[in-house]
1. Normalised by the number of residues in the range 255-398, what is the relative contact order in percent for Cα pairs under 8 Å and 6+ residues apart?
2. Please compute the length gained on full extension between V39 and A196, using 0.36 nm multiplied by the number of residues separating them and subtracting their Cα-Cα distance.
3. Using the Karplus curve 6.51 cos²θ - 1.76 cosθ + 1.60 with θ = phi - 60°, work out ³J(HN,Hα) for each residue of the range 289-294 in order, rounded to whole Hz, and write x for Gly and Pro.
4. What residue among R149, R387, R200 shows peak mean-square fluctuation when the chain is described by a Gaussian network model with Cα springs under 10 Å?
5. Counting other C-beta atoms within 10 Å, which of V380, V275 has the fewest, and how do the rest follow?
6. Using only DSSP helix segments of four residues or longer, with each worth -39500 (n - 2.57), what per-residue ellipticity at 222 nm results for the chain after dividing by its residue count and rounding to 500?
7. Order these by the 10 Å Cβ neighbour count, fewest first: T366, T302, T224.
8. Taking only Cα atoms of the range 255-398, what ratio of Rg to Rh do you get with Rh as the Kirkwood inverse-distance radius?
Amino acid sequence: MAEEPEPRVAVTGIGLVTPVGTDRETTWRALCRGKSGIVALGPRDHGRVKGEVAGEVPNFVPPPGTEDLDRYLQMALAAAREAVADARLEGDLLREAGCVFSSSKGGIETLLTANERWLADKTPYPPETFPRFFMSAPGSAVGADMRLRGPILCPVAACATGLLVLERAAGLIRDGACTTAIAGGTDSSLLQAVFAGFRRLRALAEVQGEDPAAVCRPFDMGRTGFVLAEGAGVLLLEELEQARGRGAFIYGEIAGCAAGADGYHETALDADHSVLPLLITLAMQRAGLAPEDVDYINAHGTGTQQNDLLETMAIKQALGPASKGISISSTKSMIGHLLAAAAIVEAAAVFLAMRDGFVPPTINLTHPDPSCDLDYTPNVGRTRAVRAALNISSGFGGHAAVLAAKQVKNQ
């Protein structure tokens, strides 16, 4: 007896909260225009710093009923509610959904605030401190908000977390654990302790009185590091035939994923034995794609010297001569690095590019690095049919993942 084909996984809903918009369409329009959401931080509430730049979400209004939650949980719920509404999902299809949702460090602001109050005057830790600090808290919050009965998972892989979330959520559907899954990432940690930690690692872009919007310069000769940011992204994944059967709009298909690691260093990348070329190849093979099929790559593109060079080398090694004809962009140039939410937001950009046939730019690319010699869509986006695309993500500790996405015709 022939085996039944593996279920195909479609994207039917997108929700976004980013430094350039508090919803999907506002964010996408801003990215297409090359608008930057990176600003100078002034004096803020507890733990926030002056003298840094960051991708800060402007004018964010917490969703109804979430006013007492941490900011990162409020953003997670806002994006999740938008994605579910976009997919027009309700009833048992929603209740039986799985949820894969992560954060890079959980409710760190809640923990730091509680600790400072304890040290100052022995104010007891609030009972909600530790449940909200868990990295699994966003999935639990979304599960409670949506009254979900499916599995709730929380994979974490540093800055590659978002693609690992998508891989696991698609896996739940392919394995038959559920027919629908909410896949998301969220982070909000623009705090003194976080900036200090990344500064000690010499990972953040230098800030020397220039326009904050010009600080993040992926693939440029003058790049000096990445810019921290906050936000959340959610993709609603669904078994393809189910989505077609109920007449849902389909943004595209999660056609192939590959995850791995360099196993090399806590923060540095392995320049001699990068795992990225292998992962790009595996993701394309699983999606049934040849190098010539790929129209667009949303790159990790952090703006660090090492990442941008090694990512360029990996793309050329995996895709060969076809790499020269692919449109590539780093949306981090506009919104900064959203950590656990980064790859989810970037995957959303891939599917929106498929929907609209438009590739967003890499801004601030005024002096291209000769070693980064691919088409990074400098400064101005362009119209282009996107039938197949890749999203690349890497993280401290050697984590890496690649998503291969394909366009699906809506009936």
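1. Worked out over the range 255-398, it gives 33 percent.
2. Length gained, V39 through A196: 54.7 nm.
3. Computed from phi, the couplings for the range 289-294 are 10, 9, x, 5, 7, 7 Hz.
4. R200
5. Ascending Cβ contact count within 10 Å gives the list V380, V275.
6. When only DSSP H runs of four or more count, the value is -10000 deg cm²/dmol.
7. The fewest-first ordering by Cβ neighbours comes to T366, T224, T302.
8. With Rg and the Kirkwood Rh in hand, the quotient comes to 0.92.
No value in this document is a laboratory result; all are computed from the given coordinates. Here the structure is a predicted model, which is why all the values come from computation and not from measurement. Cβ coordinates were reconstructed from backbone atoms using ideal geometry, including for glycine residues, and neighbour counts include every protein chain displayed.
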